[in-house]
1. Considering only the other residues whose Cβ falls under 10 Å of the Cβ of Ile134, what net charge follows from Lys and Arg at +1 and Asp and Glu at -1?
2. In 5 Å bins starting at zero, report the fraction of Cα pairs in the range 41-124 per bin as a rounded %.
3. Compute, for Thr56, the solvent-accessible surface of its heavy atoms (probe 1.4 Å) with the complete set of protein chains present, and express it in square angstrom to the nearest 10.
4. Zone of Asn62 (label point 7 Å along Cα→Cβ, backbone N under 12 Å): which residues in the range 7-46?
5. I want to check the label-to-label distance for His130 and Lys86. Put each point 7 Å from Cα in the C-beta direction and report it in nm to one decimal.
6. Counting only residues 5 or more places away or on other chains, whose amide H sits under 5 Å from the amide H of Val103 once H atoms are built in the peptide plane?
Amino acid sequence: MSEHSMKNYIGKAIKVDRDGPESRVGKLLHVGEDYIVILTDDEVVYYNSHHIKNFTESATGNMNINTEVPEDLELKEAHSFKGLFKCSKYSWIKINRGGPNTVEGLLAGLEDNFVVLVNCEEIIRVTLYHINNISYGRTKSEQDESNDESNYESGYESSDESSSSSSSN
């Protein structure tokens, strides 16, 4: 996809790739030399333009996303897709958001044509060529899920405490 042709769609809702695990619907926020940035309902996704097979715009305007661009949204911008990794060292990232090639971890750096991630006790090297897209941090749904789990656990602990304190009386 050429940078020039994609700039005409900034601010519009598009679907990147028709189907499959990497397909997303979102508002096009930025077009770099070889990447685009879209805001989905959950997250900001940075797509490597070389891996975008197609994108779709709705002719009837029915491709809506249920999100507004937050005023405090800080996009990572770089001259190139590889540059995004250079300016994001020590950020938590997810690579290839869908399918079996999804990997996440702390971005430790770049080595030649590899991105180096650290996740728990693993050092993961992913070739730049095979990276379709990335996102930073955790999605809203993952954060909500984590909050639900911590609420459940804290509720569970408090019920344990109350039962143990009532049994000691």
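1. Local net charge: +2.
2. P(r) over the range 41-124, rounded to whole percents: 3, 10, 17, 22, 20, 13, 8, 4, 2, 0.
3. The accessible area of Thr56 comes to roughly 30 Å².
4. No residue qualifies, since no backbone N sits under 12 Å from the label point.
5. Result: 2.4 nm between the two label points.
6. Those qualifying (amide H under 5 Å, at least 5 residues apart or on another chain) are Ile95.
The values are calculated or read from the model by the stated rules, or taken from the named source; none is laboratory data. If you're wondering where the values come from, they're calculated on a predicted model, not measured in any experiment. Every residue, glycine among them, receives a Cβ derived from its backbone with ideal geometry; neighbour counts consider all protein chains shown. Ligands, DNA and RNA are stripped out before the accessible areas are found, and what is left, the full protein with its side chains, is counted by its heavy atoms. Shrake-Rupley method; radii C 1.70, N 1.55, O 1.52, S 1.80 Å.
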